[in-house]
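What follows is a set of notes on a single structure, which appears directly below.
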Amino acid sequence: MNLRQIEIFQAVFAAGTASKAAVLLNLSQPAVSKAVQDLERSIGFALFDRSTGRMVPTAEGELFHREVEQTFAGLSRLRSSAARIRDFGSGEIRLASLSALSTNIVPKAIAAFRRRHPQVAITFQTQMSSTIRDLVAAGQFDIGLTSDEVDATGVTVEPFAIYRAAIALPEGHPLCAKPVLSPPDLHGEAFVALAPEDRTRQKLETVLAAAGAVPRIVLETPYSTTVCAMVQAGIGCGLINPLNAEPFLGRGLTWRPFEPALYFCTLLLTPPGRRGSRIAEDARTLLMSFAGERPALPADLHHVPEG
């Protein structure tokens, strides 16, 4: 069995006769018939019933054709991939990000990337930092954006971005009267907390413990965006990356700076010991350029300088 025989079988199956298939393939009718016969001998069963001048697929031929169609679909994908690799390098980019950056930095970078490389296929996933690390370490993703508590074993790591944390508040909350919040302000307050393994939460707990402040944790979530949604719903206040607050500002949520300053630190991961493609490096450069953007102050706090 060889690929040419499979191509001829596909043509005969579609055309219904050897003569019509010969015209499609620019071959002689005897050459088409011989190729089909050789294929049948090779695989050990008849593909067609020859009757009344037509070649009618047998039941086995129908089953075989289903497999052939899958093979040809795979060949089509290979041709497309080869064209993308020829024109754009690897032809695709696979990116994974923690949730905190998936609704702000990453979409902006992907939009800019698409303008430069409109034909490049993009795969993007939002995952937990530990999952992203595993995907990048296994070479399944080209770039990963994670929080700084992730285990960096088996990946290449570089700092990505640092954002000063803030306290999200429901609009109208008594603490909105203060331009800057401190640990005593959170004592006894209903609090939507990040996951216990979050490093910024751990730093907050250390600061609060030193001040003897104990907020009343009513809900835990690993996602800063979810904290914002819960605060917007009036469930409590919470520690956030202000980037994630932008869609909620003026819609039931505001935020205030917190002293002492705490920071969300993020990392950019790439597979170890592998030189990235041109498009992967371009994607990395664009992500780094957008990482420098800092969140704007909420509309009700423009008079307060950012620390």
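Throughout, read-outs are computed from the coordinates displayed, never taken from laboratory work. Please read all numbers here as calculations on a predicted model, not as lab measurements. Methodologically, a virtual Cβ is constructed for each residue, glycine included, from the backbone with ideal geometry; neighbour enumeration extends over all protein chains shown.
Across the range 139-222, Cα pairs under 8 Å and at least six residues apart give a relative contact order of 30 percent. What angle, in degrees between 0 and 90 and rounded to the nearest 10, separates the Cα long axis of helix 105-116 from the longest principal axis of the Cα atoms of the chain? Here the helix axis deviates by roughly 40 degrees.
Normalised by the number of residues in the chain, the average gap of Cα pairs under 8 Å and 6 or more apart makes the relative contact order 20 percent. Computed about the Cα centre, the dipole magnitude for the chain is approximately 1120 debye when only Lys and Arg (+1) and Asp and Glu (-1) carry charge, each at its Cβ. DSSP bridge analysis restricted to the chain gives an antiparallel fraction near 55%, rounded to the nearest 5. In degrees between 0 and 90, to the nearest 10, how far off the longest principal axis of the chain does helix 278-291 point, with axes built from Cα atoms? That works out to roughly 20 degrees.
Quick check: net charge around residue 202, other residues with Cβ under 15 Å of its Cβ, Lys/Arg +1 and Asp/Glu -1? Please list the in-between numbers first.
Numbers: positive: 199, 201, 203; negative: 148, 149, 197, 198, 205, 220.
Charge balance near residue 202 sits at -3.
A simple rule links phi to the HN-Hα coupling: the Karplus curve 6.51 cos²θ - 1.76 cosθ + 1.60 with θ = phi - 60°, which for the range 171-180 gives 4, x, 5, x, 6, 5, 6, 9, x, 9 Hz, with x for Gly and Pro.
The gain in end-to-end length when the residue 130 to residue 29 segment is fully stretched comes to 30.3 nm, 0.36 nm per residue minus the alpha carbon separation.
Quick check: from the Cα gyration tensor, does the chain come out rounded (a/c under 1.5), prolate or oblate? Don't jump to the answer; show the numbers that get you there.
Working: a/c = 3.55, a/b = 3.15, b/c = 1.13.
Here the chain falls in the prolate category.
Phi angles across the range 233-248 convert, under the Karplus curve 6.51 cos²θ - 1.76 cosθ + 1.60 with θ = phi - 60°, into 3J(HN,Hα) values of 6, x, 6, x, 9, x, 7, 9, 7, x, 4, 6, 7, 3, x, 9 Hz, Gly and Pro given as x. Which residue, chosen from 109, 277, 6, occupies the Cα position most advanced towards the positive end of the dipole of the chain, where the dipole is computed from +1 (Lys, Arg) and -1 (Asp, Glu) charges on Cβ about the Cα centre? The residue sitting farthest along the positive end of the dipole is 6. Taking one quarter of the surface of the convex hull spanned by the alpha-carbon atoms of the range 1-116 gives a direction-averaged projected area of 11.2 nm².
Computed from Cα atoms, the angle from the helix 29-43 axis to the main principal axis of the chain rounds to 70 degrees.
For the peptides 168-177, 211-220, residues were scored by their other Cβ atoms within 10 Å and the scores averaged per peptide; the highest-first order is 168-177, 211-220.
Using only C-alpha atoms and all pairs of different ones, pull out the Kirkwood radius for the range 114-200 in Å with one decimal. Can you show the working numbers first?
Details: mean 1/r = 0.0596 Å⁻¹.
Computed over Cα pairs of the range 114-200, the Kirkwood hydrodynamic radius comes out at 16.8 Å.
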